[in-house]
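Working notes, beginning with the structure itself.
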Amino acid sequence: MTERIYNFSAGPACLPLPVLEKAQSELLSFNGIGMSVMEISHRSSHFDAVIESAKDGIRELMSIPDNYQILFLQGGATLQFSMLPLNFLGEDDSADYVVTGAWGKKAVKEARREGNVNLVFNSEDGGFRSIPGNDELDFDPDARYIHYTSNETIEGVEFDRDLDGKGVPVACDMSSNILSRPFDVSKYAFIYAGAQKNIGPSGVTLVIIRDDLMDMVPDDQHTLLDYRAIAKKSSMLNTPNTWGIYLIELVCDWLRGRGGVAKVAELNREKAEVLYDAIDSSDGFYSGHAERNARSMMNVTFNLPTAELEARFAEEASTEGLDGLKGHRSVGGIRASIYNAFPKEGTIALREFMSHFMDKNG
Ligand SMILES: Cc1ncc(COP(=O)(O)O)c(C=O)c1O
């Protein structure tokens, strides 16, 4: 097959076609130097230009103030579940965690190895369908930091606002909605995201960290787990994922060409509305997982009347070029991931498929 299909995968997810084409055209000779970007030293001036441009792109797109460092790490967002407490949570300290889905729960598990975790909100009993209102969040003013997940990829539950830590540093796992809409970075002390949904390919983790947090890093920290040491060496303490960072640079260029994050957010909303409308107008044949005010613009999760129908739905959709719709193995159901690079036509194609499937099976 040479044609591209609609890829609803939750991540690694579809990349913008112009980015893939540009990478393809430069695969053998990057910038006319006769070598691939994968074959050159990360200490070369060629790669230096790439990493600086990728950082500039992220800084510009997210309007990141000057007192924040941008780092490209490895180990996925999962390593950040550990690295954050390893750097900022001593055994006698406590941190406040807001848990609205499976990823936040995993972050808590790792943080508990280092210090005390105060679960300020946890919607697990309700099946991770909701987000808390501000009146439900009573943060400890002495907490070392507050942690939350702005978009829970598995359950499709998203915060529609930046949480206010009222002076306590806010750390956020933005893996699945970073760059999807404007965030007020100045409200956060620490942001991290695996690249493989909205930023680039898997294998790079973006970390945005406020300068003052660097002073909290313990002096005896392991070198490669030390944000301060990594920042000092501009993310090149060891060999970084050069190919991944190059693709991030290209994704940033593409996003700027699309009018930036605010513009892309409008399109993301339109795409999500196509699918939520299909769910809401199905007389209950399709039922959305998340409560309405918690619905994700990135991962649209829903159920059909039976698990057997859900399996058939995903299978038949796949034969029609709508791939990756099976929900996460832990929750089942259907999940349509529609990150920045996912085209609106794909959501329309899925809506049509949903309508036909309901006609046949409803
Ligand atoms: C919100 C969120 N956090 C963390 C992770 C884990 O990321 P990684 O696989 O990069 O470690 C994911 C992966 O899908 C995610 O969606």
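Rule-based calculations on the coordinates, nothing more; no lab input. Just so it is clear, the structure is predicted and the values come from calculations on it, not from any experiment. All Cβ positions, glycine included, derive from the backbone under ideal geometry; neighbour counts span all protein chains shown.
Numerical summary
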{"item": "Cα gyration tensor shape for the stretch 59-187, rounded if a/c is under 1.5, else prolate or oblate", "result": "rounded"}
{"item": "Dipole magnitude of the chain, debye to nearest 20 (Cβ charges: Lys/Arg +1, Asp/Glu -1, about Cα centre)", "result": "740 debye"}
{"item": "Gain on full stretching of the segment that runs from H356 to S287 - 0.36 nm per residue minus C-alpha separation", "result": "23.2 nm"}
{"item": "Of K105/K166; K271/K326; K105/K232; K22/K55; K326/K360, pairs whose Cα-Cα distance is over 25 Å", "result": "K105/K232"}
{"item": "Spin-label pair K106/R256, simplified geometry with 7 Å Cα→Cβ offset, distance in nm", "result": "3.3 nm"}
{"item": "Positive-end residue, the stretch 18-257 charge dipole about Cα centroid, Cβ charges, pick of L237, G101, P169", "result": "L237"}
{"item": "Selected from V117, L309, V331, residue furthest toward positive end of dipole (the chain; charges at beta carbon)", "result": "L309"}
{"item": "Cα gyration tensor, the chain - rounded (a/c under 1.5), prolate or oblate", "result": "oblate"}
{"item": "Signed unit charges on C-beta, dipole axis of the chain, positive-most listed residue I154, V50, A262", "result": "V50"}
{"item": "Length-normalised contact order for the chain - Cα pairs under 8 Å, 6+ apart - percent", "result": "23 percent"}
{"item": "Global form of the stretch 146-253, assessed from the alpha-carbon gyration tensor, a/c cut-off 1.5", "result": "oblate"}
{"item": "Whole-Hz ³J(HN,Hα) from phi, Karplus 6.51 cos²θ - 1.76 cosθ + 1.60, for the stretch 221-232, glycine and proline x", "result": "5, 4, 4, 7, 10, 9, 4, 5, 5, 5, 5, 4"}
{"item": "Cβ-placed point charges (K, R +1; D, E -1), dipole of the stretch 122-199 about Cα centre in debye, nearest 20", "result": "420 debye"}
{"item": "Trypsin sites (Lys or Arg not before Pro) lying in DSSP loop within the stretch 1-46, provided at most 16 other Cβ fall within 10 Å", "result": "R4, R43"}
{"item": "Spin-label model distance (nm) - Q74 vs K22, 7 Å beyond Cα toward Cβ", "result": "2.5 nm"}
{"item": "Net charge contributed by nearby residues that have their C-beta within less than 10 Å of I279 (K/R +1, D/E -1)", "result": "0"}
{"item": "Antiparallel %, DSSP beta bridges [both residues in the stretch 18-257], to 5", "result": "45 percent"}
{"item": "Cβ charges +1 (Lys, Arg) and -1 (Asp, Glu), total dipole of the stretch 259-361, debye", "result": "400 debye"}
{"item": "Normalised contact order of the stretch 259-361, rounded percent, pairs of Cα under 8 Å and 6 or more residues apart", "result": "30 percent"}
{"item": "Which of F139, F8, F81 has the fewest Cβ neighbours within 10 Å, and the rest in rising order", "result": "F139, F81, F8"}
